[in-house]
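Let me begin by presenting the structure, written as structure tokens, before commenting on it.
The values are calculated or read from the model by the stated rules, or taken from the named source; none is laboratory data. Remember, predicted model here, so these are calculated numbers, not experimental data. Glycine also receives a Cβ, built like all others from the backbone with ideal geometry; neighbour counts cover every protein chain displayed. Calculation scope for accessible area: heavy atoms of the full protein, side chains included, ligands and nucleic acids excluded. Shrake-Rupley method; radii C 1.70, N 1.55, O 1.52, S 1.80 Å.
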Amino acid sequence: MSLHSIFQWFDALPISVAIRESLYLFPAIEVLHLFGLVMLLGTVTVVDLRLLGLGMRRQTASRVAQGLAPWTRIGIGIMVATGSLLFASEALKCYQNPAFWIKMGFLAAALVFHYTAYRKGTSSK
């Protein structure tokens, strides 16, 4: 089975067709996707500012990161769930779009960085 046929399969799923043909589903899912992005970036920004010593100085960086970790994971979860739905509704467009492949590469690198180096830098010692 080729990668193209996998993308065709996603594109033909009933949920994909429903999202693609609906006037409101795609925009609603996209709004949720952006909400997840804001949650993720907001929590990461707060931790980064603490690491730079620009805020929340009374708490350690590890404590700030631990307190925000559930919200960070929720943001990632929302983005993955809604991103999967958005992808499925436009799978064949994504397959042919070089920007999609670059985005997925950056996403993979960001997740690896977040769950390795970033976590090590924000963990308590």
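Scanning the range 59-75 for residues that are of a type outside the set (K, R) and open to solvent by 30 Å² or more (accessible area, probe 1.4 Å) yields a total of 8.
Remark: S16 matches the filter, which requires a residue to be open to solvent by less than 40 Å² (accessible area, probe 1.4 Å), more than 21 Å from S123 (Cβ to Cβ), of a type in the set (G, A, S) and assigned to a helix (DSSP H, G or I). For the range 26-58, taking the residues that are without any contact (Cβ under 8 Å) to a residue 24 or more places away in the chain and touching a helix residue (DSSP H, G or I) at 6+ places or on another chain (Cβ under 7 Å), the one that is least open to solvent (accessible area, probe 1.4 Å) is identified as G55. In this structure, L86 does not satisfy being open to solvent by 40 Å² or more (accessible area, probe 1.4 Å) and either closer than 29 Å to H4 by Cβ or out of contact with any strand residue (DSSP E or B) (no Cβ under 6 Å at 6 or more places or on another chain) (or both).
To keep it simple, each residue is scored yes or no on (1) among the β-branched types (V, I, T); (2) assigned to a helix (DSSP H, G or I); (3) open to solvent by 60 Å² or more (accessible area, probe 1.4 Å).
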position	(1), (2), (3)
V80	yes, yes, yes
Y95	no, yes, yes
I102	yes, yes, yes
G121	no, yes, no
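Where residues in the range 20-50 are part of a helix (DSSP H, G or I) and among the aromatic types (F, W, Y), which of them is nearest to F87 (Cα to Cα)? The extreme case among them is F26. Considering only residues in the range 1-13 that are among the aliphatic types (A, V, I, L, M) and not in a helix (DSSP H, G or I), the one that is most open to solvent (accessible area, probe 1.4 Å) turns out to be M1.
Only residues that are touching an Asp or Glu at 6+ places or on another chain (Cβ under 9 Å) and free of Cβ contacts under 8 Å to residues at least 40 places away in the same chain were counted across the range 66-96, and they come to 1.
Quick check, is G75 touching a helix residue (DSSP H, G or I) at 6+ places or on another chain (Cβ under 6 Å), more than 20 Å from L3 (Cα to Cα) and outside any helix (DSSP H, G or I)? The answer is no for G75.
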